[in-house]
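Take a look at the structure below.
Nothing in this text is a laboratory measurement; each read-out follows from the coordinates by a stated rule. This structure is a prediction, so every number in the text was calculated from the model and none was measured. Quick reminder, even Gly has a Cβ in these numbers, built from the backbone with ideal geometry, and neighbours come from all protein chains shown.
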Amino acid sequence: MCLMHLVNKIRSLFMPDPKDFLLNTDYEMDKIVYYKSGELLPTGNTAVYVDTYNLGFIPLTFAVFSFSEDFSDTRMDIMMTYNDDVSIVMNTYADGVTIQYVNNNDQNKKLYYRIYGFEPSNSMASVGKTQKDAKQFILNTDYNYCKLHSKGIADSDTTITHNLGYCPFVLAWQEGKWGSESVISPCWISGAEDIGYPNIITTPNTLVISGLQNNKKVHYRIYYEEI
């Protein structure tokens, strides 16, 4: 039994079920090391440059988008790809984040975005505070805060055993080369299709990562929350 599994087994004997809590500081939570918000206008097939950063690593980013400034119709980036008329593509490079926003129906329709970034599990960098972006709330227990079970990087097809007994919520990002640059973007494929992208499959006891091609890696984060 590996050390992580032993620690989790001992913890489960003495600690309450993390799923019973919206917030439980006995368990690790994600730390946001990068945050950016703003608005964009459509640019056809040209990428809109969004931001640069100096973190010492490429953050694991994800975004929410909305056509409303108050984010009343919030969607994750994958849900913004409706058809050939409206689509969103976001990539994270060593020097910054880019978003490609296409809206053939309305070239004047603003898109509002909020981008969040986590530090990769293999980073030992010292990062600055994001406290200035917290506004009035640091924590608000009206909302659930996901409790992190484990995190890591897969550089080949692999199976990670979590033994939770249910299918947990998982976030994953693929890292690969775009020309000479390293690029990290969220994984959105769940299944076993051979389409050139990593496949992420959760089971009650394992996380299966497959389809890694061309020296790609997958950054994964497994949470105690059940899907």
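What the table shows:
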item	result
Listed pairs Lys110/Lys177; Lys36/Lys216; Lys177/Lys217; Lys36/Lys177; Lys31/Lys177; Lys177/Lys216 exceeding 19 Å between Cα atoms	Lys110/Lys177; Lys36/Lys216; Lys36/Lys177; Lys31/Lys177
Taking Val33, Val218 and counting other C-beta atoms within 10 Å, the order from fewest to most	Val33, Val218
Footprinting exposure proxy for Asp30, Asp157 (fewest neighbouring C-beta atoms within 10 Å first)	Asp157, Asp30
Amide H contacts of Cys146 (H built 1.01 Å from N, under 5 Å, at least 5 apart or other chain)	none
For segment 101-107, 3J(HN,Hα) per residue [Karplus equation, 6.51 cos²θ - 1.76 cosθ + 1.60, θ = phi - 60°, Hz, x = Gly/Pro]	10, 10, 9, 6, 7, 8, 6
Interchain or long-range residues, amide H under 5 Å from His162's placed H	Thr206, Leu207
Neighbour-count order for Tyr49, Tyr93, fewest beta carbons within 10 angstrom listed first	Tyr49, Tyr93
